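The values are calculated or read from the model by the stated rules, or taken from the named source; none is laboratory data. Since the structure is predicted, the reported quantities are computational estimates derived from the model, not experimental observations. Every residue, glycine among them, receives a Cβ derived from its backbone with ideal geometry; neighbour counts consider all protein chains shown. Accessible surface areas use protein heavy atoms only, side chains included; no ligands, DNA or RNA. Shrake-Rupley method; radii C 1.70, N 1.55, O 1.52, S 1.80 Å.
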Amino acid sequence: MPNLALRSQSLAPITLHGGIRVKHRPRVAVIGAGACGLTAVKALTDAHLPVQCFEKSDRVGGNWVFKNKNGLSSAYRSLHINTSRERMQFRDFPMPKHYPDYPKHDLIARYFQDYADAFELQRQIRFETSVERAEPRAEGGFRLWLSQGGVEDFDALVVANGHHWDPAWPEPAIEGEFSGLELHSHSYLDPDEPYALRGKRILVVGMGNSAMDIASELGHPGVAEQVWLSARRGAWVLPKYAFGKPIDQSSVLPSFLPASMRRALAELWFRLAVGKLEDFGLPKPDHHLDQAHPTISSEILTRLGSGDVRPKPALLRRDGQRVHFADGSQELVDVIIYATGYKVSFPFFSSDVVAPKANDLPLFLRIFPLDRQDLFFVGLAQPVGAVMPLAEAQAKLIAELLSGRYELPEPAERKQRTERERARMLARYVPSRRHTMQLDYDEYLAALAAETKAGHARARQRSARAVRAESRP
Ligand SMILES: Cc1cc2nc3c(=O)[nH]c(=O)nc-3n(C[C@H](O)[C@H](O)[C@H](O)COP(=O)(O)OP(=O)(O)OC[C@H]3O[C@@H](n4cnc5c(N)ncnc54)[C@H](O)[C@@H]3O)c2cc1C
Ligand SMILES: NC(=O)c1ccc[n+]([C@@H]2O[C@H](COP(=O)([O-])OP(=O)(O)OC[C@H]3O[C@@H](n4cnc5c(N)ncnc54)[C@H](OP(=O)(O)O)[C@@H]3O)[C@@H](O)[C@H]2O)c1
């Protein structure tokens, strides 16, 4: 597979990697102007690389634009972030101090718009233009087919199309046929839109954050007639605050403690502060607190405790409007809402270019495919903590690579490190389609910083070697 690795910041000198000469700075395309695409555009522009971003919508912000014209946003009217403002903000553009700890989607969308305005990123974005097809070129780089007609060639491609827009329904489907309304959390907006859910008997399936928010909202007295929450597995439901601070800023455990002790102390705190989930009728988690993507809700336990939401184990069978559960119980319901997560999808790639298997796409540092150097992913990760600062650091590293200041390790090392990291992640987390690309926020940022330093040294050594080679008679 042809690779590009550009050696110098100046326009003239060009590097060879895989035997290919490039006589200009690489022209880079970015797919998507959500949070991750925006920070990619900024980092590439800061590195003086020519960049063109394509955005399907008429505005920036992706998922955070409620009723986004692109039809891809999974935001509902009452959505607030569950990673706190300070953990979520880009490092080079703090959120306004007057923002609350957990702002609503409109403030978050405003923040991304302000980010784009502050750094004049719109100049690089072609709105209402979807990338329909991206095909590798024989000489390296990609050819893009655009929704507005036309084809454009680029030396490198950054993919930031998001991974929370393509609904994952239960697979295999729940046995039987249902005669009521079935929907995925992706299409839920509020109790009235786009479906009339008030006064209905509603089953919500799942124990992730979508299920928590939607079951809590519909379970408010006077909204649905009754809500049931079906959990095929228990989850440690964390409150939004601990010790008076947003929970993702409240760790009092020193980092020198071994992971096993930190885990034991965190679980002890949970038992003291929250209690036993079984007492709320939920299944006891079959894993430790740090072995699943965090489920955060300060409301669901109150709704369960008030009887507004009733707990149920796994949904096994549908029969008309009757639904059957793993404990042998059954209920008559009007609506089933599957809050069962999302698929990682790249509709513009053919399967011989990029093909995630059950949401799994191994990448070196969750950025670099193992078989090419002209394709990069930003934000294709599921962090414990917010994705934005991680995407910002990823984008900076890509910009460093494309402008020659950073060099990747050799392919064998990349493969080995990727496999090692992936094995570690898979061993830690509960096996699930949603646990294929988990990252620890602080650990990952530290790893990227260390790798950047190492890659700078490699790039300097390569430059020195090239200068020596060129000066040889
Ligand atoms: C309900 C919900 C709540 C969440 N809450 C949080 C939270 O509190 N904290 C957190 O860190 N994360 C949260 N997330 C995760 C969420 O994915 C990120 O917050 C963030 O939206 C990721 O940004 P992104 O740019 O990768 O993707 P997106 O925001 O999805 O943006 C992708 C962009 O790419 C564009 N696009 C897609 N395909 C194409 C194409 N072919 N051509 C051109 N443009 C294209 C889209 O139009 C869109 O603008 C939440 C997710 C959901 C579903
Ligand atoms: N307020 C917020 O900020 C907010 C709100 C919503 C979502 N989000 C974020 O958005 C992302 C997606 O969240 P999500 O809750 O939509 O999806 P998710 O995190 O993938 O959770 C999906 C849930 O559905 C369950 N599930 C999957 N397949 C199932 C099946 N066939 N039968 C029964 N249960 C099944 C999963 O259980 P298993 O664990 O057993 O697989 C899990 O409990 C996450 O990053 C989340 O943090 C944030």
For this session: Could you tell me whether segment 159-166 includes any residue that is charged (D, E, K, R), under 30 Å from ILE296 (Cβ atoms) and open to solvent by less than 50 Å² (accessible area, probe 1.4 Å)?
Result: yes
Seminar exercise, completed: Looking across segment 56-67 at residues that are open to solvent by 10 Å² or more (accessible area, probe 1.4 Å) and assigned to a loop (DSSP other than H, G, I, E, B), the single one that is farthest from ligand 1 (Cβ to nearest atom) is LYS67
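Among the residues of segment 115-135, write down those that are open to solvent by 50 Å² or more (accessible area, probe 1.4 Å) and out of contact with any Ser or Thr (no Cβ under 6 Å at 6 or more places or on another chain). Walk me through how you get there before you give the answer.
Of all residues in segment 115-135, those open to solvent by 50 Å² or more (accessible area, probe 1.4 Å) come to 117-120, 122-123, 126-128, 132-133, 135.
Those that are open to solvent by 50 Å² or more (accessible area, probe 1.4 Å) and out of contact with any Ser or Thr (no Cβ under 6 Å at 6 or more places or on another chain): ASP117, ALA118, PHE119, GLU120, GLN122, ARG123, ARG126, PHE127, GLU128, ARG133, GLU135.
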Exercise. Out of (1) under 20 Å from GLY385 (Cα atoms); (2) within 13 Å of ligand 2 (Cβ to nearest atom), the odd one out for GLN89 is which?
Worked result: (2)
Exercise. In this structure, is GLU421 buried (at least 17 other Cβ atoms within 10 Å of the Cβ) and modelled with pLDDT of 95 or more?
Worked result: yes
Exercise. Of VAL387, VAL430, which residue is modelled with pLDDT of 95 or more, open to solvent by 30 Å² or more (accessible area, probe 1.4 Å) and within 16 Å of ligand 2 (Cβ to nearest atom)?
Worked result: VAL387
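Each row is one residue, and each column tells you yes or no for (1) part of a loop (DSSP other than H, G, I, E, B); (2) over 21 Å from GLU225 (Cα atoms).
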site	(1), (2)
LEU144	no, yes
ALA173	yes, yes
HIS186	no, yes
PRO194	yes, no
SER210	no, no
For this session: Identify all residues within segment 219-240 that are within 14 Å of ligand 2 (Cβ to nearest atom) and not in a loop (DSSP other than H, G, I, E, B); write none if there are none.
Result: TRP228, LEU229, SER230, VAL237, LEU238
Exercise. Quick one: TYR195 ticks every box in (1) within 16 Å of ligand 1 (Cβ to nearest atom); (2) more than 22 Å from GLY385 (Cβ to Cβ); (3) open to solvent by 10 Å² or more (accessible area, probe 1.4 Å) bar one, so which box is it?
Worked result: (1)
For this session: Working only within segment 300-323, note down all residues that are within 31 Å of the chain's Cα centre (by Cα), more than 16 Å from GLU225 (Cα to Cα) and open to solvent by less than 60 Å² (accessible area, probe 1.4 Å).
Result: ILE300, LEU301, LYS312, PRO313, ALA314, LEU315
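For residues in segment 424-440 being part of a helix (DSSP H, G or I) and out of contact with any helix residue (DSSP H, G or I) (no Cβ under 7 Å at 6 or more places or on another chain), which is farthest from ligand 1 (Cβ to nearest atom)?
ALA427
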